[in-house]
Amino acid sequence: MSKRPPIKKSVKEELYKQAGNKCANPGCMNYRTHIHHIQEWHVVKTHDEKHMIAVCPGCHDEIHHGKLKITDETIYKWKDIKRSTLNRDHIYIEPNPESKLLLGSSIGVESPNGLTVFELTKTSKLTYKVEDGEIFLLDLSITNLKRKEILKVSHNHIKYSNDEHITYTRRPGRFRITTKRLLDFIPSWSIAALFKMQPEFKIINGELLLLDMEVISPGVVKAEGFWSRENAVVVITNESVKLLPYGWEGPASLSGMTISCSSHITSAIFGI
């Protein structure tokens, strides 16, 4: 029996690129992938890139053992898809009739239909919706001070900037975005007040935390992050929510409360 040689790194990288750096299944958002031989290696005994594809462990198992067969014809169609260069992701939130958005660990906001937490501008906001009584849908966006959109979440689908100064990291149920370009986001007038908040105000290894979203339990999502415009800053830390309008010596702080609303609110509950 001949020993199976390793797949060349260049071949693996090409297969990951073809798949859009995720599972090649267009119905799957998993970013952990295996290399699948469409023509089985023990038969052809070659690592031919034309007959290989990057799929996640779950889809790989479905290809070999699934009750709803994934055919070779389908897999070749996945391989021929022309992938977008946009950076996209998705966060799944297990449904629960009792949905809640946690602002750090200290403030909970809840409404049967969802609500807007704040809206600094039309492109810098934090909102969530609840549909059918249990489906939690995030809608939020982060921009820099020039109003360039860095990250947008719409109905839990994520689009983020392809920028060398922006770092996006993820795992199932959580994503985080940071930046090394602090002054693109922090207004100069707010620097002194913000840095007095250390270590609660998160600048780690020279990077500003722009957003950290995590699914804590069914229907419950926790948020930390930083939003700004020319004359106002909102900082959600693990301990509190800081509101800092221009001209104030220091931020107003909210912590240790639950805000419940009996109906949908269209305007921001934290207005500046």
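The set of residues in region 24-46 being more than 18 Å from Pro172 (Cβ to Cβ) and part of a strand (DSSP E or B) consists of Ile35, His36, His37.
Of all residues in region 54-69, those that are under 26 Å from His157 (Cα atoms) and without any contact (Cβ under 8 Å) to a residue 24 or more places away in the chain total 2. So is Ile91 in contact with a Gly (Cβ under 8 Å, 6 or more places away or on another chain), open to solvent by less than 30 Å² (accessible area, probe 1.4 Å) and either at pLDDT below 95 or closer than 30 Å to Ile166 by Cβ (or both) or not? Yes, satisfied.
As a summary of the residue check, Lys146 satisfies the conditions (1) in a strand (DSSP E or B); (2) more than 24 Å from Ser84 (Cα to Cα) except for the one numbered (1). Scanning region 1-11 for residues that are assigned to a helix (DSSP H, G or I) and free of Cβ contacts under 8 Å to residues at least 40 places away in the same chain yields a count of 2.
Screening the candidates Asn25, Asn21 for the property of being closer than 22 Å to His90 by Cα and modelled with pLDDT under 90 yields one hit, Asn21. Glu13 meets the conditions (1) touching a helix residue (DSSP H, G or I) at 6+ places or on another chain (Cβ under 8 Å); (2) open to solvent by 90 Å² or more (accessible area, probe 1.4 Å); (3) at pLDDT 90 or above; (4) among the charged types (D, E, K, R) in every case but one. The failed one is (1). When the residues of region 23-53 are filtered to those that are of a type in the set (Lys, Arg) and in contact (Cβ under 8 Å) with a residue 12 or more places away in the chain, which remaining residue is farthest from Lys77 (Cα to Cα)? Here the answer is Lys45.
The values are calculated or read from the model by the stated rules, or taken from the named source; none is laboratory data. Keep in mind the model is a prediction, meaning the values are calculated, not measured. Backbone-built Cβ (ideal geometry, glycine too); neighbour counts: all protein chains shown. These area figures cover heavy atoms from the full protein model, side chains too; ligands, DNA and RNA do not enter into them. Shrake-Rupley method; radii C 1.70, N 1.55, O 1.52, S 1.80 Å.
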